[in-house]
1. For the pair Leu181 and Ser115, what calculated FRET efficiency results from E = 1/(1 + (r/R0)^6), where r is the Cβ-Cβ distance and R0 = 22 Å, to the nearest 0.05?
2. When you count, for each residue, the other Cβ atoms within 10 Å and take the mean per peptide, how do 206-212, 190-196, 130-136 rank with the highest first?
3. Is the shape of the chain best called rounded, prolate or oblate, per the rule: a/c under 1.5 gives rounded, else a/b larger than b/c gives prolate, else oblate, with a ≥ b ≥ c the square roots of the Cα gyration tensor eigenvalues?
4. Do you know the relative contact order of the chain, to the nearest whole percent, from alpha carbon pairs under 8 angstrom that are 6+ apart?
5. With +1 on each Lys and Arg Cβ and -1 on each Asp and Glu Cβ, how big is the dipole of the chain about its Cα centre, in debye rounded to the nearest 20?
6. What net charge is computed for the residues neighbouring Asn109, neighbours being all others with C-beta under 12 Å from the C-beta of Asn109, Lys and Arg scored +1, Asp and Glu -1?
7. Using alpha-carbon positions, what is the distance between the centroids of the range 150-193 and the range 63-83, in Å?
8. To make sure I understand the rule: partners must be lysines, Cα under 19 Å from the Cα of Lys183, and not fewer than 8 residues away in the same chain. Which ones qualify?
Amino acid sequence: MKIEDMNITVPAGNNALVYFSKHCIVTRDATITVPRNYVGLIYVGGKPKSKMSECANENLVKKFGGELRKEDLQVAFYSEKANFEIKWGIGGIQVNNDRLQDAYSVGVNGIVTCSIKDPVGLINYFQKDTSITVQDVWAKILPIITNNGVPLLSEYFSGKSVSIFEINSELANIRAKMVELIKGEKIFTDMGLEVEDVTLNSIYVPEEDINRIKERING
């Protein structure tokens with residue numbers, strides 16, 4: 001696409017973690033606008049060349065020199081200050097507590113708050129030049145949290161002398177376990193992300209398991 005008197009920027013309403021402009025051939029009149037709270041990562045010939053902070057209608061040739069003319073250019077816009085949230089949840093964790101002679105399933109859910117530490121790493125991880133969204137990150141992270149969290153939580157509850165009716169008393173301890181687990185996951189570093197916080201919203205047991213255990217106790 002040839003740009004004549006056009007401006008490269010982020011469209012209104014965009015909420016992607018990384019928004020990529022279309023590829024274009026730079027002309028002398030090509031300009032860029034980097035909105036507030038964004039950074040523009042300039043790719044020339046498919047390789048990252050430079051970063052640009054907030055600006056309005058900045059002429060690309062004047063900014064980077066005449067050698068940029070007729071080059072294939074694309075801009076990846078991202079925010080290096082804003083945090084974003086990834087909701088996670090694990091359900092159907094089977095617990096066999098021999099101490100209490102209880103068998104039930106348990107679930108937990110919460111939020112991982114992240115920031116972009118290495119935008120090039122994030123872009124390279126997904127190897128795409130279309131928008132990278134929270135959903136894209138969620139799809140990669142959730143299976144890893146599930147695969148490692150299920151055995152951890154199953155073992156934890158199996159070895160505790162805490163009844164099914166007191167399970168929420170373990171919220172702080174489970175949060176500590178999940179913080180350690182999630183912050184230790186290499187995938188965040190591989191994606192160029194920084195884990196800022198991990199919250200645990202709730203621990204829950206299906207109603208049918210609660211009713212079954214009540215009937216056994218009262219039986």
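1. Step by step, r from the Cβ atoms, then E = 0.70.
2. Order by mean packing, descending: 190-196, 130-136, 206-212.
3. prolate
4. 20
5. 620
6. +2
7. Taking the Cα centre of each part, the range 150-193 and the range 63-83 sit 41 Å apart.
8. Within reach: Lys87, Lys117, Lys140.
Each reported figure results from applying straightforward, stated rules to the coordinates on display, with no laboratory input. Nothing here was measured: the structure is a model prediction, and the numbers come from that model. Cβ atoms come from the backbone with ideal geometry, glycine included; neighbour counts cover every protein chain shown.
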